[in-house]
Amino acid sequence: MDSAEVLTSPLLTRRGFRHAFFTRRGGASTGAYSSLNFSIAVGDTETNVAENLARAATALRVSAERLYFLSQVHGRIAVALRGDENRSEVVIREGDAITSSNGNCAVGVRVADCVPILLADSESGAVAAVHAGWRGLVAGVVEAGVEKIRRVSGSSAGIAAAIGPHITIAAFEVSEDVAETLKACSPDPDVVDRTLGPKPHVDLARIAASKLEALGVSGTSIERVGGCTFLEPERYFSFRRDGPRSGRHLAAIVPR
């Protein structure tokens, strides 16, 4: 069996948290979903996705039945799990942030251009995964994720955040309306670049990081893992590049 390829955050690793930002490499899927795809909804087979989930669970050192993610809707709903729920019931629950403090499970989000954010509270060991597309950033999903992990952890300090591969500013071209909407939601106003093409480009990770800092997460506790989903087709899926038949990545973290 091939091993799933993962990227990790040195920041989260130093703090003792098992986690992974999975690339598209090292899975069982074929064709447009080659090879580490985590979504059946895009058209892949249940058998392939189940095998990919098993490989991810092995990498995270948890049971596949305790590797959780939600049905994402680009909103701000955050869900807290005990960590012993039925995975098939969790995956049909709508939400874009998921958290737990149970070290026998992993919580994650699936992405194909949107920004995956993994949060970890060093004091309690609680973690969260946040799916932050541009609509979610505007809706307040970062704020909802931080609020939920603080409720679970009972702590207002000690949170570290890792921002994973996503569509970067070089590729994220949008309309003027979307650019202005994103700028308006960002504590950092310098997130729009109009020099990269005929339309404005927006830095989604910069928006996410500025929101985290505004919520009290220290800038030294925020790390960008790197990678552009759109510009690196050999390593990443991209909905904007490949359309509806694009696969989905997984970013996941285990409570400590």
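Coordinate-derived values only; no laboratory data. Computed from a predicted structure; not experimentally measured. Neighbour counts are summed over all protein chains in view; Cβ atoms, including those assigned to glycine, are modelled from backbone coordinates with ideal geometry.
How much FRET efficiency would the formula 1/(1 + (r/R0)^6) give for Ile40 and Arg14, where r is the Cβ-Cβ distance and R0 is 35 Å, rounded to 0.05? It would help to have the intermediate numbers written out before the result.
On the way: r = 35 Å, r/R0 = 1.01.
Once rounded, the FRET efficiency stands at 0.50.
Sorting Ser100, Ser175, Ser246, Ser155 by the number of Cβ atoms found within 10 Å of their own Cβ, with the fewest placed first, yields Ser175, Ser155, Ser246, Ser100. Across the stretch 112-126, computed HN-Hα scalar couplings (Karplus, 6.51 cos²θ - 1.76 cosθ + 1.60, θ = phi - 60°) run 8, 2, 5, 8, x, 10, 9, 10, 9, 9, 5, 6, 9, x, 5 Hz from first to last residue, x flagging Gly and Pro. Each of Leu11, Leu60, Leu196 was scored by other Cβ atoms within 10 Å of its Cβ. Listed from fewest to most, they are Leu196, Leu11, Leu60. Which of the lysines could be linked to Lys199 by a straight reach, that is with a Cα gap under 21 Å, when you skip same-chain ones fewer than 8 residues away? In chain and number order, the partners are Lys183. May I ask you to list the aspartates and glutamates whose Cα is less than 14 Å away from that of Lys211, ignoring any residue fewer than eight positions away on the same chain? Candidates past the 8-residue exclusion: Glu143, Glu147, Asp188, Asp190, Asp203, Glu223.
Note on the chain: GNM, Cα springs under 10 Å; of Arg82, Arg66, Arg25, the largest mean-square fluctuation is that of Arg82. Here the simple spin-label model places points 7 Å from the Cα toward Cβ, and for Asp190 and Arg235 these points are separated by 2.6 nm. Going by neighbour counts of Cβ atoms within 10 Å, the residues Leu212, Leu118 line up, fewest first, as Leu212, Leu118. Note on the chain: GNM, Cα springs under 10 Å; of Thr58, Thr23, Thr195, the largest mean-square fluctuation is that of Thr195. Let's test the formula: R0 of 30 Å, r as the Cβ-Cβ distance of Val91 and Ala32. What FRET efficiency results, to the nearest 0.05? The pair Val91/Ala32 has a calculated efficiency of 0.85. Counting only residues at least eight positions apart within a chain, or on another chain, the aspartates and glutamates with an alpha carbon under 12 Å from that of Lys148 are Asp96, Asp121.
The alpha carbons of the stretch 6-253 occupy a box of 47, 45, 30 Å along the principal axes, longest dimension given first. Dipole of the chain computed with +1 at Lys/Arg Cβ and -1 at Asp/Glu Cβ about the Cα centre; of Ala106, Ala41, Gly75, farthest Cα towards the positive end is Ala106. Relative to its residue count, the stretch 127-177 spans a Cα convex hull of 94 Å³ per residue.
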